[in-house]
Amino acid sequence: MKVLFLRDVKGTAQAGEIKEVAEGFARNYLLPKKLAVAATEGTLKSVTIQKQIAEAKRARAQDKASSLAERLSQITLRFPVKVGEQYRLYGSITSADIAEAVEQQLGESIDKHKIVLEEPIRHLGEYKVPFKLGAGLEPAVTVLVEKEEEAKKPAEEKSPVGEAQPGQVQSGDAARRPARKGAG
């Protein structure tokens, strides 16, 4: 009996193959467990159509991945961070941070598991971080970790202690104490 295998059957065939098997094996094992179907003209035609659809989807995914790989290899991600002694970062830059920055810059979400980062970035500098997009595509994004520049705020002139400027609320005990009756 000719059957079309729907799933891999160890030692017999792989999914999508057409093979001649014993009738008892087909009727008692393969067909009831939905591992295979009888190879008729209709099933063969539907399988070829499904293969064509799957091939088209794979080709579209490949094109999308290659265009994404090209765009990824051209971008530079900048991370302004606070640093401590010996220029070590407070915290670190992880694959999730990089994925979020890529999403903001390209407008396309990237799974953080596709980012190949052996350990989080904890020092200032420039890093090449590769991505695994599948189909042999591994573009590298340039990650630039810079010291955060403190925003320059205009220095407010502070008044000497005890002198209240017009329009300012006085702080300290005098501001919290209720006014005395009869005073003033």
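The values are calculated or read from the model by the stated rules, or taken from the named source; none is laboratory data. All of these numbers come straight from a predicted model, not from anything done at the bench. FYI the Cβ positions are ideal-geometry reconstructions off the backbone, even for glycines, and counts take in every protein chain you see.
Some observations on this one:
- Condition broken by residue 32, with the remaining ones in (1) more than 30 Å from residue 144 (Cα to Cα); (2) under 37 Å from the mean Cα position of the chain (by Cα) satisfied: (2)
- Of the residues making up the stretch 70-108, just one is closer than 19 Å to residue 140 by Cβ, of a type in the set (Ser, Thr, Tyr) and surrounded by fewer than 12 Cβ atoms within 10 Å (Cβ to Cβ), namely 76.
- Just one of the listed residues (13, 69, 26, 59) is in contact with a Pro (Cβ under 9 Å, 6 or more places away or on another chain) and not acidic (Asp, Glu), namely 69.
- Here the stretch 132-143 is the region considered, the condition is being part of a loop (DSSP other than H, G, I, E, B), within 16 Å of the chain's Cα centre (by Cα) and not charged (D, E, K, R), and the residue that is nearest to residue 79 (Cα to Cα) is 139.
- Among residues of the stretch 4-30 being without any contact (Cβ under 8 Å) to a residue 24 or more places away in the chain and of a type in the set (A, V, I, L, M, F, W, C), the one that is nearest to residue 47 (Cα to Cα) is 15.
- Sole residue being under 20 Å from residue 78 (Cα atoms), part of a loop (DSSP other than H, G, I, E, B) and modelled with pLDDT of 60 or more, chosen from 146, 118, 103: 118
- Residues in the stretch 30-61 that are surrounded by 13 or more Cβ atoms within 10 Å (Cβ to Cβ) and more than 14 Å from residue 17 (Cα to Cα) were compared, and the one that is modelled with the lowest pLDDT is 61.
- Filter result for residue 124 (in the same structural domain as residue 78 (by TED's automatic domain parsing) and in contact with a Phe, Trp or Tyr (Cβ under 7 Å, 6 or more places away or on another chain)): yes
- For residue 55, the requirement of being assigned to a helix (DSSP H, G or I), in the same structural domain as residue 135 (by TED's automatic domain parsing) and not basic (Lys, Arg) is not met.
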